[in-house]
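Written out below as structure tokens is the structure these notes cover.
The values are calculated or read from the model by the stated rules, or taken from the named source; none is laboratory data. Keep in mind it's a predicted model, so treat the numbers as computed, not measured. A quick note on method: Cβ atoms are made from the backbone with ideal geometry, for glycine too, and the neighbour counts reach across all protein chains shown.
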Amino acid sequence: MKDMKSNEVVLYIAMSLDGYIALPDGSVDWLYDVKGDGGDNGYADFYDTVGTLLMGRLTYDEVLKLSDAFPYAGKPCYVLTRSLTGHPQAPHVTFTDEALPELVRRLQKQSKGAVWLVGGGQLVRDFLREGLLEKAIIAIIPKVLGRGIPLFPERTPPSTFELQEIERRGDIVMLHYHI
């Protein structure tokens, strides 16, 4: 990935043309039949830059539905949750309710690569509110969903993104932003 700095906080996510990252039930099945570059659309290259993953609990729950094996088991993964009770034991993740600024600073110090903000929209809003997001790579999927979970939910603070690069991967457009 071009211009990827070690330990920076990066949002890497797919979004429909109308701004949704998932259907109302959280599913992302609509992503699977898109015509990309014939490979993984640059995912492996991005993932190689990642040292630590950070996601919300709802995103974590959806990730568990997608595969029998946790796809990020080889890297430290933190799941933000409002409550530390009631979560099943998970050897591949650490559940945390730590305040975002402190958590992100700590993870940046210990990460052996970028800190990937996996999702979802509420977490993106919180990261923007706290000024913690440094880069965004948004894959625009050429579909209109008409409903769903937005990338930028209500009360997301006004933010300005600086376009760094545009990539085409089949019908997918990858927008690289500095924030």
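A few remarks follow.
- Any hit, region 158-176, residues being surrounded by 19 or more Cβ atoms within 10 Å (Cβ to Cβ) and farther than 19 Å from V28 by Cβ: yes
- Lone qualifier among L84, L100 - being within 23 Å of F127 (Cβ to Cβ) and within 18 Å of the chain's Cα centre (by Cα): L100
- Region 26-40: number of residues that are aliphatic (A, V, I, L, M) and in a loop (DSSP other than H, G, I, E, B): 2
- Scope region 102-129; condition of a type in the set (S, T, N, Q) and over 20 Å from F46 (Cα atoms); matching residues: Q122
- Region 41-71, subset outside any helix (DSSP H, G or I), of a type outside the set (A, V, I, L, M, F, W, C) and without any contact (Cβ under 8 Å) to a residue 12 or more places away in the chain, residue farthest from I138 (Cα to Cα): D68
- Failed item, numbered, when L17 is tested on (1) surrounded by fewer than 16 Cβ atoms within 10 Å (Cβ to Cβ); (2) at pLDDT below 90: (2)
- Filtered residues of region 24-35 (kept if of a type in the set (F, W, Y) and free of Cβ contacts under 8 Å to residues at least 60 places away in the same chain): Y32
- Options R57, R105; residue that is of a type in the set (K, R) and at pLDDT below 95: R57
- 2 or more residues in contact with a strand residue (DSSP E or B) (Cβ under 7 Å, 6 or more places away or on another chain), touching a residue at least 24 places away in the same chain (Cβ under 8 Å) and more than 26 Å from V34 (Cβ to Cβ): qualifying strands (runs of 3 or more DSSP E) within region 72-171: 77-80
- Flag for S111 being out of contact with any helix residue (DSSP H, G or I) (no Cβ under 8 Å at 6 or more places or on another chain) and farther than 22 Å from E8 by Cα: no
- Options V50, V63, V115; residue that is touching a Ser or Thr at 6+ places or on another chain (Cβ under 7 Å), of a type in the set (A, V, I, L, M, F, W, C) and closer than 28 Å to R169 by Cβ: V115
- Verdict on G38 being closer than 22 Å to I166 by Cβ, in contact (Cβ under 8 Å) with a residue 24 or more places away in the chain and exposed (fewer than 13 other Cβ atoms within 10 Å of the Cβ): yes
- The single condition among (1) surrounded by 11 or more Cβ atoms within 10 Å (Cβ to Cβ); (2) out of contact with any Pro (no Cβ under 7 Å at 6 or more places or on another chain) that K109 does not meet is (1).
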